[in-house]
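Before any comments, here is the structure.
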Amino acid sequence: MPTYGGDEVNALVIDVGSTWTRAGFAGEDLPRALFPSHVGYIESEADIADIPEEPKAASPGPADADVEMGDASATADAHKQQAEGDSRVAEKGETRKQKIREYFVGDTESSTWRSGMEIGGPLEQGLVNDWDVYEKIWEYAFKSRLHVRPEEHPVMVSEAAWNTSPLRAKLVEMAFEKFNSPAFYVCKTPVLSAFGAGKHTALVVDVGGQMTSTCAVYEGFCLTKSLVKQEVGGELISEQILERLKEEYKYELTPLFDIKSKAPVETLQQPVVSRYGREGTTASYLKDMRLRAVQEFKESVCEFIERPYDAALVNSKPQKPFEFPDGFNVSVGALRYALPEILFNPNQFLTRRPKRLENVGLMGVHEMAVRSVLTSDVDLRPQLLNNVVLAGGSSLFPCFCDRMSVMLQDACPGSRIKFFSLNSKTERKSTAWLGGSILASLGTFHQLWISRAEYDEHGASIVDKKCQ
Amino acid sequence: MGPKTKQKVPGMSRELTSLYLENQAIPVPLDLFQAKPKFGSKAERWVWRGFKSSARGDSDSLILYHWAKASEQYSDYYYARYNARAKPCQYTDEEYSKCIEPLNNDWTRVETDYLLHLCQTLDLRFIVVHDRYYTHPDCPLASVVLDRTLEDIKDRYYAVCRALTQLRSGEDSGDPDDLPLQATNKLADDLALLRFDKSKERERKQYLEALFTRSKDEIEEEEILIAEARRIEANERRLVHEREMLLQSHALFEEAPSTTTISTVNVQFAQASEPPQALPAGDVIPKVRKGAPDAAADGTAAGGLRTPKKQKSAHGILAASVSGGMSMPKVKAASAANRAQSATPAPLASAKMLSPGPSESSVRRSASPMRAGSIGMKLEHGDEPPQFGPVSFATEEHLVSAAIAQVDTPDIGTITVAQRDTRLGPGVFLRSDKLHPIPKNKLDSVKQFMNQLSLNSPNTIWPRPVMSTAAVCDRFDTLQSTIIPLLEYKKTADKLETEVQVLRARKRMLVNSMGEAKAEQVLSELPPFDPSKVVLTRAASPTASETLTLPPTPTNRHHRKGSTASATRKKA
């Protein structure tokens, strides 16, 4: 048994990110389930609504929800039942009317067009904002994707490094109350990312969908003082791409769901598309679909140059052609370098700031990393710079690692800087999950689980004591 | 898999044929193939078994499940043994009031308790303790002093530990002064481990901080400086090496004769403008020529002066010339016959001083003859480099006495400067180190010889005198340099002896086969013995006797006879 310190107890590992959710069994090298965290939902009112409890705007026309159920999978059915269950509770209470939501989780489920379907993620700034969505994601991952009964498996969850105590308490409550987990553990994402790269002490640079964060990890402890985060990530770049396309080519992307037929057009000509003109398409759905379409553009065209941004050099680089789903095609030159440059130089390259980022001082990723290093103890700094771990999907831009290395070396000229980042795309995206998988399959880890008995005895506050 | 009829293609190997013809069966060694794997034993049973870990604490009843071999049974969870935790010191109320309270700090009891609690939960990871100090859920915020640095925390922890260790060790025996020595040592060790100097630590971190925040330019400059230093170092090494080469080339022809008599060389050279230590190795290309005429020619060319020629003795009298820049050196060598003169070399040197050097200062030195050429002498003269006029090297026969250079300067007078032996390098050395080294291939035999003379050497590698006074060293060196040629003679003698014996045996054989009477007759017909011829044949063969004038020993005589005999036999 004692080989490599591993001991499988069939733990589940789930890492809900702002764009992607990764779930799987501990001890495996890749998550079994990798699906978008954005979840579609259709809101309907169970009874005549007097006072809408949630401040969200009521979505129009829930009438054809049942029609859509036809092609929705069993998951959606389960959600429906769940939702109905909730509504029954509401009816029992009789005090107020509740909105019920029907959820559509999963890659195909959430991207299928349904009238009045909104799309939203569970997280805001890396913290759980919508617990219902969060719960639905768990349920979908465990029941529909991993096909397990969560009450039989210990659960390891990742959380943002800046997670708050009340949210953690809620998380542990959810795990024990709703999913009846026998054991539970929550670990901070940077720590898991470091473990995923095989390091216990590292400087973790996590460039995710919503957030970019850098954090020093020391012997498996995330140093909270060194944490630097900002709301700049892959999604922001995608949004910027849409903006720039509109600005430069007067082009507005038509997502795939609305395209009935298309005709080939010359480069830079407006697309010739006949649309379905679907009624009841919500703004959030449209935006999400557009972002997904532009995601491909981002992944295949955008890249970094190895040196600090230099307009002349960038202009001399070859252009890359790209065709959008609606037929619009363009050869992108300098733009493909300027767009991701937001990560390193947000103040200069973020041309149109979204509302949430107005009047916010932004930093480049390398500046954040340097700040993280500078806030940690001087004895620790060489160790950190020697173990820089890159994680998150947005760190997958070509040349990102080289650029980061150049910028960091520039900022800390006397230090030896070494990067440890997983090279394959899926691994980089799910570095934190991998760390969780490694951690939860270690024989020595099993003493750390929060057991059901402990939870019953101490309540949700035990999570702060046990998961530091 | 029925075997196919083999089509044999003539003139083609089987392998090639099988590649060429697709349907040909590829030969597979059949004996490696097993139709059915054989398993020695039944497969082990694995069971899905629940386990409890003692590392989780006794109160907890969490049962996790894993696959385990049915045969294996553990009393405790296997990995529970790795549950090692740091044990930070703990104190009782009494101990606190007794030894920690008087520590006179701004730390309250509550905060100290909290600190130790953190140290325990975080396994003494001070960096994490410092990081979580104000955010930990157990933090008694009201009674915690703000802005504790990492050093403050460490300092307090170690102060508490020190105080407790001291107190407890005192308690054991009642009085700390009564402790047995061993215990005192242990206590001192323990305290040393717990020592923490906050100001030192701060200072260290400041230095580190400064090192970390160096700018790019500073680092570049530093790198350039380091590279420069390396270059200088390398140059210096090369300089020393070249100088050594130069000196070796001088010493070469002085060392050549290893005879018992020691030549005394009187070297004079004049340096017109530069002090000798400023001689750059690259600029001065030493010209060392054997024989006086060249040196004389140089001298003539430079100053129209002639060096008096001296004929060589058996050891060779050398005249070396060092020319370079404006220097106009003349090297005069004196034969062994001049030894008496060289003991007081000054008059001789000045009498023969032919250099037109403007300075009056002269350097006189006595040095060993082997190293008479140590021109690269290091003469330090403070700020004002003295002008060197002609420098005369007077070499005494006294081999190993401290070489001293006397420099006459106009204002200060005569300065005595110890003349360093270049072979020995800088620094202190033993007089016995100045002994001439024995060639490695002769080392063993010399040692053996010395053993036979019951001379015991304190040094096992090189024979060295026990008491190396100047006189002893001198005698020792003389002995050494006598032994070496003696051994040479012996070797040659032995060789010749065997040769003679072989030839004699051959002669006997030939005589026997020929019949004694006939042999007599042949011998009598031989031409009479001609020694000159023999010498000629001998000279052609490269032996040690070539360089040595062999005294007419009996062996030699034998040998001559032998060689003639062999020559005659061959003719016959």
- Note on the structure: Of the candidates A:V16, A:V9, A:V39, the one satisfying the condition of being within 14 Å of another protein chain (Cβ to nearest Cβ) and of a type in the set (V, I, T) is A:V9
- Query: How many of the residues making up region A:201-231 are within 11 Å of chain B (Cβ to nearest Cβ) and assigned to a loop (DSSP other than H, G, I, E, B)?
  - Reply: 5
- Message: Being touching a residue at least 40 places away in the same chain (Cβ under 8 Å) and either touching a helix residue (DSSP H, G or I) at 6+ places or on another chain (Cβ under 6 Å) or of a type in the set (D, E, K, R) (or both) narrows it down to one residue among A:W113, A:W131, A:W162; which is it?
- Response: A:W113
- Flag for B:Y91 being within 14 Å of another protein chain (Cβ to nearest Cβ) and either farther than 30 Å from B:L62 by Cα or of a type outside the set (G, A, S) (or both): no
- Item | Meets criteria (modelled with pLDDT of 90 or more and over 17 Å from A:S415 (Cα atoms)) for B:A183 | no
- Task: Keeping to region A:19-35, report how many residues are within 14 Å of chain B (Cβ to nearest Cβ) and in a loop (DSSP other than H, G, I, E, B).
- Result: 2
- Message: When you scan region A:251-272, do you find a residue that is exposed (fewer than 14 other Cβ atoms within 10 Å of the Cβ), assigned by TED's automatic domain parsing to the domain that holds A:F349, within 18 Å of A:E323 (Cβ to Cβ) and of a type in the set (S, T, Y), even just one?
- Response: yes
- Query: Got at least one residue in region A:414-425 being buried (at least 24 other Cβ atoms within 10 Å of the Cβ) and more than 10 Å from every other protein chain (Cβ to nearest Cβ)?
  - Reply: no
- Query: Does A:K188 count as among the basic types (K, R) and within 14 Å of another protein chain (Cβ to nearest Cβ)?
  - Reply: yes
- Item | region B:117-155 - residue that is more than 53 Å from the chain's Cα centre (by Cα) and more than 13 Å from every other protein chain (Cβ to nearest Cβ) and, of those, nearest to A:L380 (Cα to Cα) | B:L146
- Message: Only one of A:E139, A:E177, A:E152 is touching a residue at least 12 places away in the same chain (Cβ under 8 Å) and away from every other protein chain (no Cβ under 14 Å). Can you tell me which?
- Response: A:E139
- For the subset of region B:74-84 comprising residues that are assigned to a loop (DSSP other than H, G, I, E, B) and within 11 Å of another protein chain (Cβ to nearest Cβ), which member is surrounded by the fewest Cβ atoms within 10 Å (Cβ to Cβ)? B:A84
- Among helices (runs of 4 or more DSSP H) completely within region A:351-464, the ones holding 3 or more residues that are among the small types (G, A, S) are A:431-440
- Selected residue (only one of A:S415, A:S430, A:S395, A:S424 is at pLDDT below 90, touching a Lys or Arg at 6+ places or on another chain (Cβ under 9 Å) and of a type in the set (S, T, Y)): A:S415
- Message: Could you check region A:435-462 and list, in sequence order, the residues that are within 30 Å of A:A197 (Cβ to Cβ), facing chain B (nearest Cβ under 8 Å) and hydroxyl-bearing (S, T, Y)?
- Response: A:T444, A:S451
- Residue that is modelled with the highest pLDDT, among those in region B:43-69 that are away from chain A (no Cβ under 11 Å) and exposed (fewer than 11 other Cβ atoms within 10 Å of the Cβ): B:R45
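The values are calculated or read from the model by the stated rules, or taken from the named source; none is laboratory data. Everything quoted here is computed from the prediction, not taken from an experiment. For neighbour counting, all protein chains shown are included, and Cβ atoms are generated from backbone atoms with ideal geometry for every residue, glycine included.
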